Every structure is written in structure tokens, then in C-alpha cells.
1. Here is a check on your reading of the model: is ALA243 in contact (Cβ under 8 Å) with a residue 40 or more places away in the chain and farther than 24 Å from LEU142 by Cα?
2. Just checking, how many residues over the stretch 252-286 are free of Cβ contacts under 8 Å to residues at least 24 places away in the same chain and hydrophobic (A, V, I, L, M, F, W, C)?
3. Of all residues in the stretch 113-131 being more than 17 Å from the chain's Cα centre (by Cα) and part of a loop (DSSP other than H, G, I, E, B), which is surrounded by the fewest Cβ atoms within 10 Å (Cβ to Cβ)?
4. With respect to LEU96, determine if the residue is hydrophobic (A, V, I, L, M, F, W, C) and either under 20 Å from LEU227 (Cβ atoms) or open to solvent by 10 Å² or more (accessible area, probe 1.4 Å) (or both).
5. Might you let me know whether the stretch 73-96 holds any residue that is among the polar types (S, T, N, Q), touching a residue at least 24 places away in the same chain (Cβ under 8 Å) and within 16 Å of the ligand (Cβ to nearest atom)?
6. Could you tell me which of the residues ALA69, ALA134, ALA110 is of a type in the set (A, V, I, L, M, F, W, C), open to solvent by less than 10 Å² (accessible area, probe 1.4 Å) and either part of a loop (DSSP other than H, G, I, E, B) or more than 21 Å from ASN39 (Cβ to Cβ) (or both)?
7. Say we look at the stretch 162-199 and pick out the residues that are within 30 Å of GLY68 (Cβ to Cβ) and among the small types (Gly, Ala, Ser); which of these is most open to solvent (accessible area, probe 1.4 Å)?
8. Test of understanding: among GLY238, GLY260, which residue is touching a Leu at 6+ places or on another chain (Cβ under 7 Å) and open to solvent by 20 Å² or more (accessible area, probe 1.4 Å)?
Amino acid sequence: MPSRILRAGERTLCLDEPQIMGILNVTPDSFSDGGNYMNLDAALAQAEKMVTAGAAIIDIGGESTRPGAQLVSIEEEISRVIPVVKAVVKHFPQVLVSVDTSSLEVITQAADCGAHIWNDIRALTRPHAIEIAAQYRLGVCLMHMQNTPQNMQDNPYYDQSQGGVVAAVKRFLQDRATLCEEYGISPEHIILDPGFGFGKSVSDNYSLLKHLGELTADTSYHLMAALSRKSMIGAVTGEKEPARRVVGSVVAAFYALEQGAQLLRVHDVAETVEAKKIFLATREAL
Ligand code: PT1
């Protein structure tokens, strides 16, 4: 009997085993694979590759949020994201479609096209965001960020007397999740994400990875780790090129699984599925 269920729109996903969310960037400037999927056919080809490799969720994003990224207009974001949402919903009915946006206009149009999950790096902090998520019964991913993508890496700071980065991130995420529940969103719809790289020093990021499981301890919220190809990996391995951070990323993802993460947001689905298989074989061993 399944014991952990992600609910998203009219769909459910069993999280008794961890699931992979594949990243589909539709930005011209995205940090790791930017510009590669700007046309619809290329986006669909990348989605197919990830679905075939075992992704249960495809996360479509048109606003780059890596450190120092520029803001995009709503019109630009809609023109990038909505055609891809429509095409992925149509061609891959077996997967859940997630949209990486903070915009109410984008998520409303995406939900009307059949998207299931709202992945918001701003944790539904814009006015009426929570009401919209509740109304569409979307799955929601609430992420922690200090400051904004434009300035978040300038001088990250967490007060040690308040418990440091882990306590700060946990307080923020649990407060946002509680507010979502007050608007009628059930815990089965709610995913928490520490926001690796979003206003955190390298040591902050590794503290969060080490203590990841504490973020959802004593709750029934789901837990996602999104570490793929990020600078926290390169800072340790010395690899400056994001595309060459795959091994480091997969090893970090394995650590996140060990900490109890049910969801991994990754570029490299096939490689991460291998890590998941080793994790499950070990978990199920006598
Ligand atoms: C994330 C995330 C995201 N990250 C969720 N959505 C990005 N839920 C986009 C670096 O340090 O962590 N969780 N959507 C991409 N953002 C970054 C941030 C990319 C930092 C790279 C870095 O290299």
C-alpha cells in the first residue's frame, strides 16, 4: 500500500520511491544548457529524452534564476513557456508537468493547458499566488531564497544565534507551508525545497545538504533537492563548466536521497536514475 502520495491537479504520484524531475529550460541564457531548447521541436526532443530515461515530472521554466540573471517580461515568459507546456502535456500524458515561474499570469495559463505543479522559487509570495494554487489544486514547490536572483550571492548571511542557515530555511519553509494549508492546500500537495545556491555560501549549501532531512522532519510535506550542476558542486570539484559537474551532482543527489529527499530536480536524468537504483537496492537489502 502506498504511504506517500504527491497530489497535483487531478493526478497523483507515488513517492514511496524517489522520483526525478527533469529540467526543461526554455530560456536563452540559462546557466547550464541555455539556448539549446529554444525551439519547440528541440524542447520536445529533450523532454522525450528525459521521459525515456525515467523522469516522472518535467519542469518547464522560462525565467532564468541563476545568480545575476536578468528579469524577463511576462509577455516574454508566456511566449517561451506556454507553447512548451501545451506540447509536453499533449505528447507525454504519462508525466506530470511542472512550471518554474513566479508569475500568476504564466501559471494560470499553464494550468489551463493542463500543467500540474507550480514550482515557485519565490514560494508563492506574490499577492494571491496561494489562492490561485489552491483554486487549481496544483502541487506546489515552495523554495527558500534570501534576497533576489539579481543580488542573492552578494553577501549571504544567516544569524548563528538564530540557529544559522538550516534553522532559518526550515522556519521559512514551514511558515509558507502552514500558510498554504490555511488556504486549503493539503500537505500531500506541498513540496519543500531549501533552494541550493539561492543566497547561500558554499558552506551554507553543504550545511543544508547535510541536514536536509531536518527540513521536513515531523511533517508530511514532500522534500525536493535541486543541486544539479550548481556552483556548490563546482566549488568543491573545481569544475567551472556546469555541463562537467554531472558526477559531482549525482553523488550529491545520492546524499540527498540518503537524507530522505523524495524528489530530485536534475538535468541529467539517466545518470540520476542510476544513483536512485543503487540507493533503492541498498535500502531494500537485508
Ligand atoms: C531550485 C531551482 C529551481 N534552481 C527549485 N526550482 C533553479 N524548486 C531554478 C548556482 O549556484 O533549486 N529549486 N529553479 C536554478 N537556479 C540556480 C541557482 C542555478 C544557483 C544555479 C545556481 O550555480
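The values are calculated or read from the model by the stated rules, or taken from the named source; none is laboratory data. Owing to the predicted nature of the structure, the values given are computational and were not obtained by experimental measurement. Note that each Cβ is placed from the backbone with ideal geometry, even for glycine, and that neighbours are counted across all protein chains shown. All accessible areas refer to the heavy atoms of the entire protein, side chains included, with ligands and DNA or RNA removed. Shrake-Rupley method; radii C 1.70, N 1.55, O 1.52, S 1.80 Å.
1. On the way: in contact (Cβ under 8 Å) with a residue 40 or more places away in the chain: yes; farther than 24 Å from LEU142 by Cα: yes.
So ALA243 passes the test.
2. Of the residues in the stretch 252-286, 3 are free of Cβ contacts under 8 Å to residues at least 24 places away in the same chain and hydrophobic (A, V, I, L, M, F, W, C).
3. Within the stretch 113-131, the first condition is being more than 17 Å from the chain's Cα centre (by Cα), and the residues that meet it are 113-114, 126-131.
Next cut, part of a loop (DSSP other than H, G, I, E, B) only: 113-114, 126-128.
Details: CYS113: 19, GLY114: 16, ARG126: 13, PRO127: 7, HIS128: 10.
Only one residue fits best here, namely PRO127.
4. Working: hydrophobic (A, V, I, L, M, F, W, C): yes; either under 20 Å from LEU227 (Cβ atoms) or open to solvent by 10 Å² or more (accessible area, probe 1.4 Å) (or both): no.
Judged against the criteria, LEU96 is not a match.
5. First, the residues of the stretch 73-96 that are among the polar types (S, T, N, Q): 73, 79, 94.
With the extra rule that they be touching a residue at least 24 places away in the same chain (Cβ under 8 Å), the set shrinks to 94.
Adding the requirement that they be within 16 Å of the ligand (Cβ to nearest atom) leaves none.
The answer is no, given that none of the residues of the stretch 73-96 is among the polar types (S, T, N, Q), touching a residue at least 24 places away in the same chain (Cβ under 8 Å) and within 16 Å of the ligand (Cβ to nearest atom).
6. Numbers: ALA134 fails: open to solvent by less than 10 Å² (accessible area, probe 1.4 Å); ALA110 fails: either part of a loop (DSSP other than H, G, I, E, B) or more than 21 Å from ASN39 (Cβ to Cβ) (or both).
Answer to the selection: ALA69.
7. As a first pass, look at the stretch 162-199 and keep what is within 30 Å of GLY68 (Cβ to Cβ): 162-177, 179-180, 190-199.
This time we only want the ones that are among the small types (Gly, Ala, Ser), so: 163-164, 167-168, 177, 195, 197, 199.
Numbers: GLY163: 45, GLY164: 3, ALA167: 29, ALA168: 23, ALA177: 0, GLY195: 1, GLY197: 14, GLY199: 0 Å².
So the residue we want is GLY163.
8. Working: GLY238 fails: touching a Leu at 6+ places or on another chain (Cβ under 7 Å).
Matching residue, one of GLY238, GLY260: GLY260.
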